[in-house]
Amino acid sequence: MSKAKGLPAQAGTPDPRLYVQAVERAMRVLEVFGHDPRPLSLAEIAAAVGIDKSGAQRLCHTLRHLGYLEADPGGQGLRPGLRLMDRSFDFLRMHPLVERATPALMELRRATQERVDLSLPDDLSIVYAVRLQSKRETFFATLVGRRLPAFCSSGGRAMMAALPDAVVEDILARSDRRPLTPRTIIALPALRAKIAEARTDGYALACEEGLLGEIVLAAAVRDRQGRPVAAIHIAASLSEWEEADFRRRMAPLAMEAARALSG
């Protein structure tokens, strides 16, 4: 039985009596656009999902009827539909930490005058759930729902620093450690050192590892058992901050906000 690409790993093997492969295929159609963010033809969708064109046509027709796909106005194929935004809204309004964190993040944004984010862990990745912007941003850095590898993000490392070594090693071993920029750290000894540093300092820092010119500091939010459930990020431009000054100014603020939301 195939596993849907991009979906978070679930414990164990799904029960074949309950597992609906048609639903899996429909979700895989929607996930194709995460790998190739442009309008796609039926043939391209079929090839990416691994089904024939007839099957892709039926799935896409259904998804268009429900509003989860729509035709590109320029006639270039299909693209995600507006109805998907409703499901993002549902997730965010029903997530208790997102609601509880938003006032604290707004206050942190006022104090730092830099971008402030809240990310949530998803196996090998982090996903941004709240993003409060600063005066200058690249387009992707403004979007809720952006996913980054945990191994090279400050939030991912901050949360890994709160996990047992065996769990950290499993995450690193399963991660696709392809660099996002020329400065992305990918060597295992160096990554272990960065996570150990985060354990000692109480926060993690990534410098130009996800985006050139950007420095990001993050602290983990923990539940009552001490497990990491989120990370608070503060991001700024290296054209305005030296690393040492950024650490000195932002680390106490990020850690204080994370502690306030923990437990």
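Extents of region 1-131, taken as max minus min of Cα coordinates on every principal axis and listed largest first, are 55, 43, 23 Å.
Per residue, how much accessible area does the chain have with a 1.4 Å probe, in Å²?
Details: 14390 Å² over 263 residues.
Dividing the accessible area of the chain by its residue count gives 55 Å².
Normalised radius of gyration (Cα atoms, divided by 2.2 N^0.38 Å) for region 136-263: 1.00. Plainly put, the chain has a radius of gyration that is 1.00 times its Kirkwood radius, both from alpha-carbon atoms, as the Rg/Rh ratio. Of G74, G210, G226, the residue with the greatest mean-square motion in the GNM of the chain, using alpha carbon springs below 10 Å, is G74.
Write down, largest first, the equivalent ellipsoid semi-axes of region 51-107 in whole Å, where each equals the square root of 5 times an eigenvalue of the alpha-carbon gyration tensor.
On the way: eigenvalues 238, 34, 15 Å².
Ellipsoid semi-axes (Å, largest first): 34, 13, 9.
The values are calculated or read from the model by the stated rules, or taken from the named source; none is laboratory data. The structure displayed is predicted, hence computed values, not measured ones. When the accessible area is computed, the model is the full protein with side chains, heavy atoms only, and any ligands, DNA or RNA have been set aside. Shrake-Rupley method; radii C 1.70, N 1.55, O 1.52, S 1.80 Å.
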